[in-house]
Every structure is written in structure tokens, then in C-alpha cells.
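Below: the structure, in C-alpha cells.
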Amino acid sequence: MNEREFLDDLSLKMLASVEHLSSELSSMRTNRAHAGLVSGLNIDYFGSSMKLSELGQISVSDGTMILIQLWDKSAVEMVSKEIESSDIGINPSIDGDTIRLVVPPLNEERRIELVKIVKKKSEDAKISIRNVRRNAMDEVKDLEKKGELSQDDSRRIQSDIQKNTDESIEEISQIAQNKENELMEV
């Protein structure tokens, strides 16, 4: 067993969970308009599923409005309908070949609801990290039982696994806390 490769692989798996959470939370609506709200929306574009960011330019004006300039002007109506049926809760308005999304301020009830969603998603990410840790620990213990690892090496590797786990969970907690603060900002 190559210890360095094993720990690097473990770090990559944990990083994937952290990045997944980060990407999920970036598309969550707050009081400020940002391109992440809509850039990841999947649009059925003439039979193939494409992300909105692949279909046009997304920009933000004055912090409350998202402007979507599509490269294919004939797709404006179709994209507008897809945005309307999505779960972001913003109704698009069409202005010629531009789609405008005005991001209204969140009410207190919706903020609390969104914070609960953030907590759930962060807990799911932490569970994912713990599952990676459990699998890695099991693998190390099996190698120790088979005699392929000394007890000292096994304990050191397990300590490194726990250290990676703690760092990843701390990063997830920080990302979630930042998003909660952003959501509760008035």
C-alpha cells in the first residue's frame, strides 16, 4: 500500500464533498442577485439538456437584477418558461432579446426556511465525509489484520485520516455558516 497515494485519494474524495456543498449553496437564493442563481439551471434546448451558462451570457446589474443575454435569440421564450418553472422563485420578464430577473428581498419566514435547508445540506455533506472516513479506516484495519501494515503505521494513517476528516468537516461548517449569515443579512 502506498500511504501517500492512499491519503491523497482520501483527501480528493473529501474535497469532492466540500465542493459539491459549495456548488449547491452557491445556487441558493439570497437577497443579492448573483449569476450562480441561474447559471446551473438545466434547460431543455431542442432535445438536449444544457446549462443556462452554456446558452448565453449571465450578468448582474445593480445587485438586484440578473440579465441573461442568449446567443440564440429564438430560444428566449423557451428559456424564460424553463426559468419560470424552476424552483428559484423568480419570474422572468422578456425585454427584446434579454431576459430580466428581478431578485426581490426575502421575507423572514423564507430566510428561516432557507437556513434549515442549508443546515440539512451541510449535514448531508458531513455524513458523506464520515462515510469516506469509515471506509478508509476499515481498509487500514483490514491491511493491519492481514499483516500488510504494522500497528504503528496503521495508527499513524488512522490519525491522518481523522485529521483530514476534521479539516473537511470544519470547512463544511464554515461554508454553511457563511451562507447562513448571508441569508439572514437584511
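Read-outs: derived from the displayed coordinates by stated rules, not from any lab. Just so you know, these numbers come straight off a predicted model, no measurement behind them. Ideal geometry is used to build each Cβ from the backbone, glycine not excepted, and the neighbour counts take in all protein chains shown.
Helix 76-85 axis versus longest C-alpha principal axis of the chain: approximately 60°, rounded to the nearest ten.
In the chain, one over the average inverse separation of all distinct C-alpha pairs is 19.2 Å, which is the Kirkwood hydrodynamic radius. Normalised size of region 86-186, defined as Cα radius of gyration per 2.2 N^0.38 Å with N residues, equals 1.74. Shown here for region 1-94: chymotrypsin sites (Phe, Trp or Tyr not before Pro) in loop regions (DSSP other than H, G, I, E, B) with at most 10 other Cβ atoms within 10 Å, namely Phe46, Trp71. A full extension of the chain between Asp87 and Glu3 corresponds to an added length of 25.8 nm, given 0.36 nm per residue minus the alpha carbon distance. Of the GluC sites (Glu not before Pro) found in region 142-172, those that fall in a DSSP loop while having at most 12 other beta-carbon atoms within 10 Å are Glu148. Other residues whose C-beta falls under 12 angstrom from the C-beta of Ile169 contribute a net charge of -1, scoring Lys and Arg +1 and Asp and Glu -1. Restricting region 122-186 to trypsin sites (Lys or Arg not before Pro) that sit in a DSSP loop and have at most 10 other Cβ atoms within 10 Å of their own Cβ leaves Lys146. Along the axis of the charge dipole computed for the chain (Cβ charges of +1 for Lys and Arg, -1 for Asp and Glu, origin at the Cα centre), the listed residues Val38, Leu12, Ser159 are led at the positive end by Ser159. When all alpha carbon pairs of region 1-94 are counted in 10 Å bins from zero, the resulting P(r) reads 14, 39, 23, 13, 9, 2 %.
Against the chain, whose longest principal axis comes from its Cα atoms, helix 151-184 is set at around 20 degrees.
For Lys51, the residues 5 or more places off, or on other chains, whose built amide H falls under 5 Å of its own are Ile43. Cross-link partners for Lys126 among the lysines, with Cα-Cα distance under 25 Å and sequence neighbours closer than 8 places in the same chain left out: Lys13, Lys116, Lys141, Lys163, Lys179. Paramagnetic label reach from Glu182 (point 7 Å along Cα→Cβ; backbone nitrogen cut-off under 15 Å): within region 114-133, residues 114-119, 121-122.
Report summary: the helix-based calculation at 222 nm, which adds -39500 (n - 2.57) for every DSSP H run with n ≥ 4 and divides by the residues of the chain, gives -21000 deg cm²/dmol. The angle between the Cα long axis of helix 108-145 and the main principal axis of the chain comes to about 30°, on a 0 to 90 degree scale.
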